[in-house]
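J.: This structure is in C-alpha cells; I'll ask about it shortly.
All of the numbers you see were taken from the coordinates with simple rules; none came from a lab. These numbers were taken from a predicted model, which means no experiment stands behind them. Neighbour counts run over all protein chains shown; Cβ positions are idealised from the backbone, glycine included.
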Amino acid sequence: MGRSLAAVPFRVWAVFHGLLVLAQVGFAGALLDAVDGALDWHGGAGGSLIMVALVQTVLAVPAAWPGGMPAWSVAVSAALVVADVAQVAMGHAGLLAVHVPLGIAIVATQVTIAVRALAPARRRRPAHPVTTG
C-alpha cells in the first residue's frame, strides 16, 4: 500500500470520530433540556467513543508508518482512549466539574485531529539547506 493510501482509513475514521464527538455534544445539550432518552443516548455514545478512539489509534499506526502522517496522530489518538475511559468514569460518578471540561478537551482534540487529517500533506524541508557553488 502506498504512502498516501495507508493514511486513507485513518483520515475517514478521524472524520467519523469527529462527527460522533460533535453528536455527543448535542446529546449533552438534550440532557440539559431534559429530553426523554437523552441520558441513554449520551451514555451509549460515550461508551461507543472508547471503541471508536481505540480503532482510530490502531488506524493511526499505518497512517504514520508508512502513510507519512505525523507520529503525533498515534500518540494523541492513544491519549484519547485514556481520556474517553476517564470521561465515562467521571460521568458515571457524577463528577461534572471534571466531566464537562474533559469533554470539551476531548471534542476540541478530536475535531483538530479530523481537520488535520484532511489537510494536505506538508512537504518536509531539508534539514540543511542545499548550497551550490
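J.: Give me the angle, in degrees from 0 to 90, between the Cα long axis of helix 96-118 and the longest principal axis of the Cα atoms of the chain, rounded to the nearest 10.
T.: With both axes taken from Cα atoms, the answer is about 30 degrees.
J.: If you don't mind, another one. For residue 32 and residue 72, calculate 0.36 nm times their separation in residues minus their Cα-Cα distance, and state this gained length in nm to one decimal.
T.: Full extension from residue 32 to residue 72 adds 10.9 nm.
J.: Determine ³J(HN,Hα), in whole Hz, for all residues of the stretch 84-89 in sequence, where each value follows from phi through the Karplus function 6.51 cos²θ - 1.76 cosθ + 1.60 and θ = phi - 60°; x replaces Gly and Pro.
T.: After applying 6.51 cos²θ - 1.76 cosθ + 1.60, I find 5, 4, 4, 4, 5, 4 Hz.
J.: Over the chain, what is the relative contact order in whole percent, taking alpha-carbon pairs under 8 Å and six or more residues apart?
T.: 33
J.: Grab the Cα-Cα distance for residue 131 and residue 5, subtract it from 0.36 nm times how many residues apart they are, and report the gain in nm with one decimal.
T.: Length gained, residue 131 through residue 5: 42.0 nm.
J.: Rank by packing, highest mean first: peptides 57-65, 28-36, with packing defined as the count of other Cβ atoms within 10 Å averaged across residues.
T.: Those peptides, ordered most packed to least, come out 57-65, 28-36.
J.: Longest span of the chain, sites excluded, free of trypsin sites (Lys or Arg not before Pro) in DSSP loop with at most 15 other C-beta atoms within 10 Å?
T.: 1-121
J.: Compute the separation of the alpha-carbon centres of the stretch 33-71 and the stretch 75-109 and state it in Å as a whole number.
T.: 12
J.: I've got another one for you. Assuming a ≥ b ≥ c are the square roots of the Cα gyration tensor eigenvalues, decide whether the stretch 60-115 counts as rounded (a/c under 1.5), prolate (otherwise, with a/b larger than b/c) or oblate.
T.: Prolate.
J.: Rounded to the nearest 20 debye, what is the charge dipole size of the chain about its Cα centre when +1 sits on each Lys and Arg Cβ and -1 on each Asp and Glu Cβ?
T.: For the chain, the charge dipole is close to 1020 debye.
J.: Of the listed values [x] 40; [y] 49; [z] 71, grab the one calculated as percent of Cα pairs over 20 Å apart from the structure here.
T.: [y]
J.: Set the Förster distance to 25 Å, then compute FRET efficiency between residue 82 and residue 16 from the Cβ-Cβ distance, nearest 0.05.
T.: Computed FRET efficiency for residue 82 and residue 16: 0.80.
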